[in-house]
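What follows is calculated from the coordinates using simple rules that are stated; it is not laboratory data. Predicted model, so just to flag it, every value in this text is computed and none were measured. Neighbour counts run over all protein chains shown; Cβ positions are idealised from the backbone, glycine included.
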Amino acid sequence: MFPAVVQGYMIMNYGEIKKTDIANGEGVRVSLFVSGCTHHCPGCFNSETWDFGFGKKFTRETEHELLELLKPSYIAGLSLLGGEPMEPENQRALLPFLHRVREAYPKKTIWCYTGYLFDRELQGQGRAVCEATEELLSLLDVLVDGEFVQEKKNISLRFRGSENQRIIDVKKSLENGKTVQSFEFS
């Protein structure tokens, strides 16, 4: 099942909101687990979110709840996980919300976890590129990219599940026109 469009607003589902998450990015974070993923990685820790119809509708009320959860000074920022936040359908739904987050909390960071590769699938003619991709990427601070690979699973890695995944400084990458990994979290 794929998301629908209602009155020009992309409808997206989400599986869970973690109010205080320390595993999915630097500091204490609010994490949103969106629904919908076409990767279907063997060993995925969240396979129920592969279905775009899983969970609850992401509504204006959900956005308001998340913005309120981000308010405390001890919250470092927002993390987007899935499912797959960078599925084009989800990008379209997340873009207006991320603008609201940036407007309300310009000093908080936004992390995004994706199975798509930053430099191959999220830029140029990449398979996950849509009209929202470039603008959405510009709103992110950190992108953890690459599909989860069971054979490369490593529980000692910070903020990622398998050794092929990269932690990318999105701002520096976009400024330099090439992928800049953040080894600060390695």
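The conditions of being among the hydrophobic types (A, V, I, L, M, F, W, C) and within 29 Å of GLU103 (Cα to Cα) are not met by ILE155.
ASP119 fulfils the conditions (1) without any contact (Cβ under 8 Å) to a residue 60 or more places away in the chain; (2) over 22 Å from PHE52 (Cβ atoms); (3) assigned to a helix (DSSP H, G or I) except for a single criterion, (1).
Candidates are the residues of the range 10-37 that are among the β-branched types (Val, Ile, Thr) and more than 13 Å from the chain's Cα centre (by Cα); the one that is nearest to PHE54 (Cα to Cα) is ILE11. Of the numbered criteria (1) free of Cβ contacts under 8 Å to residues at least 12 places away in the same chain; (2) in a loop (DSSP other than H, G, I, E, B); (3) of a type in the set (D, E, K, R), the one ARG158 fails is (1). Residues of the range 122-136 that are closer than 20 Å to SER35 by Cβ and assigned to a helix (DSSP H, G or I): THR133, LEU136. Could you look through the range 79-109, keep only residues that are among the small types (Gly, Ala, Ser) and outside any loop (DSSP other than H, G, I, E, B), and pick out the one that is nearest to the chain's Cα centre (by Cα)? Across the range 79-109, the extreme among qualifying residues is SER79. Restricting attention to the range 59-115, the residues that are on the phi > 0 side of the Ramachandran plot and touching a helix residue (DSSP H, G or I) at 6+ places or on another chain (Cβ under 7 Å) add up to 1. Only residues that are crowded, with 24+ Cβ neighbours inside 10 Å and within 14 Å of ASP51 (Cα to Cα) were counted in the range 82-115, giving 6.
Examine the range 170-182 for a residue that is assigned to a loop (DSSP other than H, G, I, E, B), within 18 Å of the chain's Cα centre (by Cα) and of a type in the set (Lys, Arg), and state whether such a residue exists. No - not one qualifying residue is present in the range 170-182. The set of residues from the range 44-78 being among the small types (Gly, Ala, Ser), in contact with a strand residue (DSSP E or B) (Cβ under 9 Å, 6 or more places away or on another chain) and in a loop (DSSP other than H, G, I, E, B) comprises GLY53, GLY55. The residue of the range 20-43 that is nearest to SER73 (Cα to Cα), among those that are assigned to a strand (DSSP E or B) and polar (S, T, N, Q), is THR20.
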